[in-house]
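**Student:** This is the structure I want to talk about, given as structure tokens.
The values are calculated or read from the model by the stated rules, or taken from the named source; none is laboratory data. Worth saying up front: this structure is predicted, and the values here are computed from it rather than measured. Backbone-built Cβ (ideal geometry, glycine too); neighbour counts: all protein chains shown. Just so you know, the surface numbers come from the protein's heavy atoms only, side chains and all, with ligands and any DNA or RNA stripped out. Shrake-Rupley method; radii C 1.70, N 1.55, O 1.52, S 1.80 Å.
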Amino acid sequence: PTTPPSMTLAPATSGEAGYREKPMEAETAMEQVNSFKVEGNAKLTSGDLMAAVESYSCGIALCQKLKISGKSLGQLYVNRAQARARLEQHELALQDAEAGLLEDTENGRGFWRAASSAMSLERYDHCAALCMRGIKVLGDSAALEGMLEEARSRMDPTETSTATEFEKSVEEATSVNAVAEELSQRAVSLLQSYQREANKEDLQRAVKLFQATLQEDPQNEEALIGLGDILDAGMGDIPKNQDAAKKLWLQAVDHGSQRAQVKLCLQGLDLFAQAARKAVTAPRSDSAAS
């Protein structure tokens, strides 16, 4: 399958705070990022939750500005998720915890924080899926196993037709397709939010979720089409790359996607129209002698 093209992601522009000067002397970029985390941790411990969120947000903004990713960025997201959860901002906490897991897929606290937030939002099926994913990645985890049982007990059995299907729905949360489907749906939602509000952080998360989806399931239609749309339009600060978009859509067509076929047709018409306009506006050489 075609490997998703690499992209340069735009720094986030929303949140409680953007980048500001480091809170203490720091010699390197990583020291400066870590100083925001240390400052946030101190505020969190003291109970100054809004200030903690601000510090973590500054660290996240700095990471994005300097294109720092991985565990350092993941820890900042998960720590901010903890502060937001204590502020009872559970939807934002869930988003942060899942963003942290995209940066560090083995962050045990990230799985716990995401599942806890889903539980607080009464999204018991989502909570169960996160617990199962965490157990699959981390191995035995008494905390996640206990939360999984609690989520199971709170899920409405009427949502499935039989008790067997009820159990099966939880077990299937660890399958490749189920994980990919969950990731792709969240990515689609974020992309739609970006198209409404032009929030670059939503676009950044959507791209990472689409890419994570294709790592789980290279044939996922939503991810292939979504990344293709982003590249075809050159959304945000992501360079326009219609050839890369075409490759993604062709891969989806190979697996029977009619939506991708329509995208290819529309792109072909657009390219034809561009070529026609260039031909019309191109200067003509006058070969006739005067």
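**Student:** So, with a 1.4 angstrom probe, what is the percent of accessible area on the range 24-78 that is carbon and sulfur?
**Tutor:** Roughly 52 percent of what the probe reaches on the range 24-78 is carbon or sulfur.
**Student:** What is the sum of charges around residue 264, taking Lys and Arg as +1, Asp and Glu as -1, for the other residues whose C-beta is under 13 Å from the C-beta of residue 264?
**Tutor:** Within the 13 Å Cβ shell, the charges total -1.
**Student:** What is the gain in length, in nm to one decimal, between residue 149 and residue 279 on full extension, counting 0.36 nm per residue of separation less the C-alpha to C-alpha distance?
**Tutor:** Going from the current span to full extension adds 40.2 nm.
**Student:** Within a Cβ distance under 15 Å of residue 137, other residues only, what is the Lys/Arg minus Asp/Glu net charge?
**Tutor:** Charge balance near residue 137 sits at -3.
**Student:** What percentage of the solvent-accessible surface of the range 233-278, computed with a 1.4 Å probe over protein heavy atoms, is contributed by carbon and sulfur atoms?
**Tutor:** Carbon plus sulfur share of accessible area: 58 percent.
**Student:** Show the residues, 5+ positions off or on another chain, whose built amide H is closer than 5 Å to the amide H of residue 219.
**Tutor:** none
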